[in-house]
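A short write-up of the structure that comes next.
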Ligand SMILES: N[C@@H](CCC(=O)N[C@@H](CS)C(=O)NCC(=O)O)C(=O)O
């Protein structure tokens, strides 16, 4: 679904971030969810280096992206937004109660049990690279990511997805795993590597990534 400046749904995103963040800012997972759901949207872009526009803290209390608006519904937190989109789309959320419960469970697991460990590693590898404390902390942070990935790989086994079909849980898990691109940690598990490649091969992801990246080529142009 192309970006549409007249769309009812608006998200916020950045038109400038440091190179390491391109392809990994959290608007991408929301764009991906919207693409899977077939919903048109527009993007309001900020430069990450600049102060946020007046009033933005009323949309996103931490001044971050993404924020989301559709009619009277205003949200922040990428996972909450992805779940909101998923609730209205069978492409992301099965119809049956158990399927829905499992999709929501994996969505939270991605963030609360996997991303939390990955973020600790990103912190030392990216945000504090080279600092003495980060060098000391890194082995432990990496070990914890390895432990989580080994358990995730064990769960996945030879399945294509975390449950019996693609859901918002896979969308978020894949989004989280992508943050390890600067390491070989995912590739240590053939099934996780293939899982991530499978998720990234989805046309909706390709469209979302293309529009996410295009925002950095068109500074200050909304939509
Ligand atoms: N928990 C939030 C985190 C959002 C977040 O960390 N956004 C980053 C970009 S990925 C950001 O806006 N950073 C700029 C800042 O913190 O000022 C979510 O998932 O939406």
task: Do me a favour and compute the ellipsoid semi-axes for the range 15-151 from its Cα gyration tensor, root of five times each eigenvalue, largest one first, whole Å.
output: 29, 23, 11
- request: Specify the residue with the greatest mean-square fluctuation among 112, 24, 15, computed from a Gaussian network of the chain linking alpha-carbon atoms under 10 Å apart.
  value: 112
Listed residues 102, 181, 29, most fluctuating in the chain (Gaussian network, C-alpha, under 10 Å): 181
- request: Extending each Cα 7 Å along its Cβ direction at residue 155 and residue 16, get the distance between those two points in nm, one decimal.
  value: 4.0 nm
Shape of the range 97-202, Cα gyration tensor, a/c cut at 1.5: prolate
task: Go ahead and set up a Gaussian network model of the chain, Cα springs under 10 Å, then flag whichever of 25, 17, 73 fluctuates most.
output: 73
task: For the chain, give the share of DSSP beta bridges that are antiparallel, in percent and rounded to the nearest 5; count only bridges with both residues there.
output: 45 percent
query: Counting each DSSP H run of 4 or more residues in the chain as -39500 (n - 2.57), what helix-only mean residue ellipticity at 222 nm follows after dividing by all residues, to the nearest 500 deg cm²/dmol?
result: -14500 deg cm²/dmol
Least to most buried among 12, 105 (fewest other Cβ within 10 Å first): 105, 12
Pairwise centroid distance, computed over Cα atoms, of the range 56-86 with the range 158-215, Å: 23 Å
query: Counting other C-beta atoms within 10 Å, which of 171, 34, 39 has the fewest, and how do the rest follow?
result: 39, 34, 171
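None of the figures in this text is laboratory data; all of them are computed from the coordinates on show. Predicted model, so just to flag it, every value in this text is computed and none were measured. Here the Cβ is made from the backbone with ideal geometry for all residues, glycine too, and neighbour counts use every protein chain on show.
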